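Down below is the structure, laid out as C-alpha cells.
Coordinate-derived values only; no laboratory data. These numbers were taken from a predicted model, which means no experiment stands behind them. As a convention, Cβ positions derive from the backbone with ideal geometry for all residues, glycine included, and neighbour counts pool all protein chains shown.
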Amino acid sequence: MEVLKGRVFVLGDDVDTDQILPGYAMAEPFEQLGKYAMAGAPGLDFLNRVQPGDIIVAGRNFGCGSSREQAPIALKMAGLGLVVAAGFARIFRRNAINIGLPVYVADIAGVLKDGDIIEVDMVKGVIRYPEGQVAAKPLSDNVLKTLDYGGLIPRVRAELGIS
C-alpha cells in the first residue's frame, strides 16, 4: 500500500463527521454504513459517483465534530481508498488509521479539481497530480505497518498469533 492512485473529490475546510456520516445513519447496521458515506455533504452526490479507490482531497480540519468511529468506517466501506487533507481532527485521523483507512496530510486541495487523478507515495512523501507534484511528509513506519495489516485489530491479532 505504498503508492495509491485514484480519482479525487475536492472538498473544503472543516468537513465534519455529520457530513461524513449523518447522525441518522448511526442506527443502521454496521455493514450498511458505506451507503451513507458523505450523505450529509450537500450537492456532493458522493454515493452515486464514488468508485473503488477514489480519494477525498480536503482542506483543514477534516473529520472535526463528534468522535464517531463509524465516520471513517463509512468512507472505507463506500470504497474510498484515501483521504488527503491539509489537516485532520486528531480523533478522526486516529480512528481512520485504526480501521485501515489511509489518511495523508498535504495541502493540495487548491491545485486540484474534481475528477483529477493523483498518485500518492506515502513512503517517499510525494504526491503527483496533473500539473506537477508536491513533497509531503511520509507516513511513519508504525502507521504504514498498521495500514498494511488493514487496521489496528488485524495487526495486533497477527503480531500475537491470534486467528
Completion exercise
Assertion target for Leu112, Leu47, ordered by fewest C-beta neighbours within 10 angstrom first, is Leu47, Leu112
Fill in the blank from the handout: Checking Ala135, Ala89, Ala106 against a Gaussian network model of the chain (alpha-carbon springs below 10 Å), the top fluctuating residue turns out to be Ala135
Exercise for the section: Specify the residue with the greatest mean-square fluctuation among Val83, Val143, Val120, computed from a Gaussian network of the chain linking alpha-carbon atoms under 10 Å apart. Expected result: Val143
Completion exercise
the stretch 79-163: antiparallel bridges as % of DSSP beta bridges, rounded to 5, reads 70
Handout entry: C-alpha center-to-center spacing [the stretch 139-163, the stretch 54-103] in angstrom
Key = 18
Handout entry: Exposure proxy ranking, count of Cβ atoms within 10 Å, fewest first, for Arg157, Arg94
Key = Arg157, Arg94
Handout entry: Antiparallel bridges, percent of DSSP beta bridges restricted to the chain (to nearest 5)
Key = 50
Exercise for the section: Among Asp13, Asp148, Asp45, determine the one that fluctuates most according to a GNM of the chain built with springs between C-alpha atoms less than 10 Å apart. Expected result: Asp45
Exercise for the section: Select one label from (i) 24, 19, 17; (ii) 30, 16, 13; (iii) 22, 21, 13: the one whose number is semi-axes √(5λ) of the Cα gyration tensor in Å as derived from the coordinates shown. Expected result: (iii)
